[in-house]
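Remarks on the structure that follows.
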Amino acid sequence: MIDETAAGELAAILDDVDVPVAPGGPDPTVVDPGVGELTERSLEALLFVAERPLARREIATLAGVDRDAVDAALGDLEVTLRDRGIRLILSADRVELATAPEAGALIARFVGADAVRLTPAALETLAIVAYRQPVTKAVIERIRGVDSDYTIRGLLHRRLVTELGRSDAPGRPILYGTGFDFLERFGLTSLDDLPSLDADVAARLVDPEGAAAVAGWVPQDDATRDGSADA
């Protein structure tokens, strides 16, 4: 809580200070103490207030540091949060804070998420996407043996599946993958935490035709930024 008396005294002091302002902008001699360094605490605070996942390069730009400093701070923060109720989630170049898996049941009762159930078809499709990503709808349907358009649209609506970009194959089909909501829903910190598949199950996910469909694909974020591919 702010001490109004102290705040008033501070305001009075500041009123008496003559602060020179350079024409056209702030005084270049004034250095922002938050620029040029990235502590574990400041990184945690930044991720806490962020309303979306942040890219490592974005964090580096905001903090005025290089990628090595960001990676080091992320590593320290990941270790610190390992036994806490919050976890650091990594997905490709992006990072985000999420609740710990062991708190899932309690949080689900609070937000009512325990009422949301996935059908066997949705779980099967989601598993294919998770393990085969980036993957096209045609590949998913060949593996499942049934039309999957409705199921994929449902997973997209729930943000468990996302559009990653487009393939260079004829027709430039959309490539699908998983995002942060998938990691949060299943209590994973990264795709590396996915359980290993049995040989028989892994064999079912093999689709020789699908290998060509993802050749030369460009992630959607980079494609949109460079203008080299459709969104």
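The values are calculated or read from the model by the stated rules, or taken from the named source; none is laboratory data. A quick note: this is a predicted structure, and the numbers were derived from the prediction, not measured. Using ideal geometry, Cβ is built from the backbone for each residue, glycine included, and neighbour counts are taken over all protein chains shown.
Structural remarks
- Residue tally, condition out of contact with any helix residue (DSSP H, G or I) (no Cβ under 6 Å at 6 or more places or on another chain), surrounded by 14 or more Cβ atoms within 10 Å (Cβ to Cβ) and in a loop (DSSP other than H, G, I, E, B), over segment 132-167: 3
- Some residue of segment 168-179 being modelled with pLDDT under 90, charged (D, E, K, R) and touching a helix residue (DSSP H, G or I) at 6+ places or on another chain (Cβ under 7 Å): no
- Residues that are within 12 Å of the chain's Cα centre (by Cα) and hydrophobic (A, V, I, L, M, F, W, C) were ranked within segment 168-186; the one that is surrounded by the fewest Cβ atoms within 10 Å (Cβ to Cβ) is Phe180.
- Any hit, segment 187-206, residues being outside any loop (DSSP other than H, G, I, E, B) and surrounded by 18 or more Cβ atoms within 10 Å (Cβ to Cβ): no
- Residues considered: Thr136, Thr162, Thr99, Thr125. Of these, the only one that is of a type in the set (Ser, Thr, Tyr), under 17 Å from the mean Cα position of the chain (by Cα) and modelled with pLDDT of 90 or more is Thr162.
- Residues located in segment 36-50, provided they are without any contact (Cβ under 8 Å) to a residue 24 or more places away in the chain, more than 19 Å from Ala92 (Cβ to Cβ) and within 15 Å of the chain's Cα centre (by Cα): Val49
- Selection over segment 71-92 of residues that are hydrophobic (A, V, I, L, M, F, W, C), surrounded by 15 or more Cβ atoms within 10 Å (Cβ to Cβ) and closer than 19 Å to Asp192 by Cβ gives a count of 7.
- Among residues that are assigned to a strand (DSSP E or B), in contact with a Phe, Trp or Tyr (Cβ under 9 Å, 6 or more places away or on another chain) and either of a type in the set (A, V, I, L, M, F, W, C) or assigned by TED's automatic domain parsing to the domain that holds Asp181 (or both), Ala98 is included.
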